[in-house]
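The values are calculated or read from the model by the stated rules, or taken from the named source; none is laboratory data. Here the structure is a predicted model, which is why all the values come from computation and not from measurement. Note that each Cβ is placed from the backbone with ideal geometry, even for glycine, and that neighbours are counted across all protein chains shown. Surface accessibility is based on the protein's heavy atoms, side chains included, excluding ligands, DNA and RNA. Shrake-Rupley method; radii C 1.70, N 1.55, O 1.52, S 1.80 Å.
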Amino acid sequence: MSASKRDELVQNALKAFYRGGFHAIGMDALAKETGVSKTAMYKHFRTKEELILATLRLRDEQFRNWLVRRVEALAATPQEQLLAIFDALAEWFREPEFRSCMFIKASSEFQDRSHPIHAASAEHKRLLLVYFQTLTHAAGAQDPDGLARRILLLKEGAIVLAHLHDPEMAAADARAAAQALIKNAGL
């Protein structure tokens with residue numbers, strides 16, 4: 001399998017796992033959905049877990065790049081960008097294929113914190129926190145690390161509630177809560 005075919009497999013597996021879950025999508029179903037034989041899959045990924053990790057790495061890169069680009073396009077200053085996080089989330093929630101967070105799902109299905117899939121999910125959230133800390137420090141927040149953690153908490157809660165209930169309300173409520181937090185942080 002060429003590198004481009006491998007990348008295509010990972011992209012298609014990402015879509016399948018995002019829609020159907022990690023445990024629910026077996027290798028037979030994955031082979032059928034991606035059009036790649038199990039033999040070809042196992043030439044690049046010794047286990048299903050290796051393939052899952054590859055999809056998580058791809059999703060991490062895609063999501064964080066998208067979020068940073070959208071936030072920068074929606075707002076000019078770090079303070080405004082902290083709120084733009086929730087505007088970007090609102091856009092994502094409106095997408096027809098929105099099915100919550102792939103990393104929340106992965107950590108729920110692989111609950112042992114020492115498991116590589118759980119650890120990859122936690123790393124994604126840590127990297128988002130680092131990005132939020134960059135914004136809170138640049139904005140001049142009184143407690144930038146605390147504010148960044150609270151913004152991350154709101155973001156994660158908004159994703160879960162958008163999936164379970166009303167996506168528009170979840171985004172709007174999280175944005176309003178973030179606005180209050182930002183104001184209380186001296187910004």
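If only one of 55, 39, 134 is modelled with pLDDT of 95 or more and surrounded by fewer than 19 Cβ atoms within 10 Å (Cβ to Cβ), which one is it?
Working: 55 fails: surrounded by fewer than 19 Cβ atoms within 10 Å (Cβ to Cβ); 39 fails: modelled with pLDDT of 95 or more.
Of 55, 39, 134, the one residue that is modelled with pLDDT of 95 or more and surrounded by fewer than 19 Cβ atoms within 10 Å (Cβ to Cβ) is 134.
Out of 19, 46, I need the residue that is among the basic types (Lys, Arg), closer than 21 Å to residue 114 by Cα and open to solvent by 60 Å² or more (accessible area, probe 1.4 Å). Which one?
Values: 19 fails: closer than 21 Å to residue 114 by Cα.
Criteria check complete, one pass: 46.
Which of the residues spanning segment 82-122 are open to solvent by less than 60 Å² (accessible area, probe 1.4 Å), part of a loop (DSSP other than H, G, I, E, B) and closer than 17 Å to residue 163 by Cβ?
Listed by number, the residues that qualify are 98, 100, 101.
May I ask you to say which residue of 125, 183 is charged (D, E, K, R), assigned to a helix (DSSP H, G or I) and either open to solvent by less than 80 Å² (accessible area, probe 1.4 Å) or in contact with a Ser or Thr (Cβ under 9 Å, 6 or more places away or on another chain) (or both)?
So the residue among 125, 183 that is charged (D, E, K, R), assigned to a helix (DSSP H, G or I) and either open to solvent by less than 80 Å² (accessible area, probe 1.4 Å) or in contact with a Ser or Thr (Cβ under 9 Å, 6 or more places away or on another chain) (or both) is 125.
One line per residue, one yes/no per condition, for (1) more than 20 Å from residue 183 (Cβ to Cβ); (2) aliphatic (A, V, I, L, M); (3) without any contact (Cβ under 8 Å) to a residue 40 or more places away in the chain:
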| residue | (1), (2), (3) |
| --- | --- |
| 52 | yes, yes, no |
| 61 | yes, no, yes |
| 111 | yes, no, yes |
| 121 | yes, no, no |
| 132 | no, no, no |
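Go through (1) assigned to a loop (DSSP other than H, G, I, E, B); (2) surrounded by fewer than 20 Cβ atoms within 10 Å (Cβ to Cβ) for residue 141 and report which single condition fails.
The failed condition is (2).
Does segment 1-35 hold any residues that are modelled with pLDDT of 90 or more and of a type in the set (Val, Ile, Thr), and which are they?
10, 25
How many residues does segment 87-138 contain that are within 16 Å of residue 155 (Cβ to Cβ), touching a Pro at 6+ places or on another chain (Cβ under 6 Å) and of a type in the set (A, V, I, L, M)?
1
Among the residues of segment 20-49 satisfying the criterion of being of a type in the set (A, V, I, L, M) and part of a helix (DSSP H, G or I), which is farthest from residue 104 (Cα to Cα)? Walk me through it before giving the result.
Taking segment 20-49 and keeping what is of a type in the set (A, V, I, L, M), we get 24-25, 27, 29-31, 36, 40-41.
Then drop every residue that is not part of a helix (DSSP H, G or I), which leaves 27, 29-31, 40-41.
Values: 27: 22, 29: 22, 30: 21, 31: 25, 40: 29, 41: 25 Å.
Residue satisfying both the conditions and the ranking: 40.
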